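So the structure is just underneath, and the comments pick up after that.
The values are calculated or read from the model by the stated rules, or taken from the named source; none is laboratory data. Quantities reported herein were computed from a predicted structural model and do not represent experimental measurements. Using ideal geometry, Cβ is built from the backbone for each residue, glycine included, and neighbour counts are taken over all protein chains shown. Keep in mind that these areas ignore ligands, DNA and RNA; they rest on the heavy atoms of the full protein, side chains included. Shrake-Rupley method; radii C 1.70, N 1.55, O 1.52, S 1.80 Å.
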Amino acid sequence: MELERRTSLLAGVLMIITFITSIPALLLYNPLLKHANYILGAGADKRVFVGALLEVLLILANVGTAVVLFPILKRFNEKLALGYVTARLVECGFIAIGILSILSVVTLRQDIGGTGAANAASLTIAGRSLVAIHDWSFLLGPGFIVGVGNGLMLGYMMFRTGLVPRRLAMFGLVGGPLVCASGIAVLFGLFDKGSAAQFIATIPEFIWELGFGIWLAVKGFKPSPILAIETPDAQVKTGPLLSPA
């Protein structure tokens, strides 16, 4: 049980880190994302770099959460646990694309943009194109894949195993489809990106992920039959597989 407690604590802390890094990163990007002529202005490159660093830490925390939970989740369903890890990796891939597009805007501004730059129209088009790549990667990654991985997959496994309160896991089962549906709605123009409708649709998923992280960090896993299942890794650590001297 000491091993499971360390696992739950680490997974909970990593999940909380995803909130600490992701939300401030978007706020730090605002001067670049919200101003069409950022590439022609004085810029706010240092805060953009801090935002990019936070998103790199977000990627590490995302992958870490999935990897740490995998040994526990595979006791319930190895294929589904592997699917959760894969979903996290795909999400991180989209986040990485967004980081590269943002940093590319900064590079263009520093090298050939800025105040008084020649070919202002072409630079503006290039900058807005890179911002559009960031926006679409955000929609398809955190705005859609999260609903599949963190919402449906993780929520379902936690609900079935009872490792966290089932009422809490229900937020994932409800929030996951809502995140996916809102992403599809934005994709087809049914409502705008960042609109009130999209924000409301993400509330259950927000409660699920934050509540899941806090619960694991503070309380740990609830008693569940799968915690009594020995895995080869656990057996090697505790000794049953070692032949007597």
Q. Which residues, counting only those in segment 75-105, are touching a residue at least 60 places away in the same chain (Cβ under 8 Å) and within 30 Å of N37 (Cα to Cα)?
A. I102, V105
Q.
Looking only at segment 44-70, count every residue that is open to solvent by 40 Å² or more (accessible area, probe 1.4 Å) and either at positive phi or among the β-branched types (V, I, T) (or both) and tell me the total.
A. 4
Q | Index of the failed condition, G114 passing every other in (1) within 21 Å of F19 (Cβ to Cβ); (2) open to solvent by less than 60 Å² (accessible area, probe 1.4 Å) | A | (1)
Q) Does at least one position in segment 148-158 carry a residue that is open to solvent by 70 Å² or more (accessible area, probe 1.4 Å) and of a type in the set (S, T, Y)? A) yes
Q) Would you say A185 is out of contact with any Asp or Glu (no Cβ under 6 Å at 6 or more places or on another chain), open to solvent by less than 30 Å² (accessible area, probe 1.4 Å) and over 21 Å from M158 (Cα atoms)? A) yes
(Q) Test of understanding: among I59, I99, I16, I23, which residue is assigned to a helix (DSSP H, G or I) and more than 27 Å from W215 (Cα to Cα)? (A) I99
Q | Filter pass, L103 being under 22 Å from the mean Cα position of the chain (by Cα) and more than 21 Å from F144 (Cα to Cα) | A | yes
(Q) Please go through segment 71-82 and give me each residue that is part of a helix (DSSP H, G or I) and surrounded by fewer than 18 Cβ atoms within 10 Å (Cβ to Cβ), ordered by number. (A) P71, E78, K79, L80, L82
(Q) For segment 106-198, give me every one of the helices (runs of 4 or more DSSP H) that falls completely inside it and has 1 or more residues that are over 30 Å from I226 (Cβ atoms) and free of Cβ contacts under 8 Å to residues at least 12 places away in the same chain. (A) 120-140
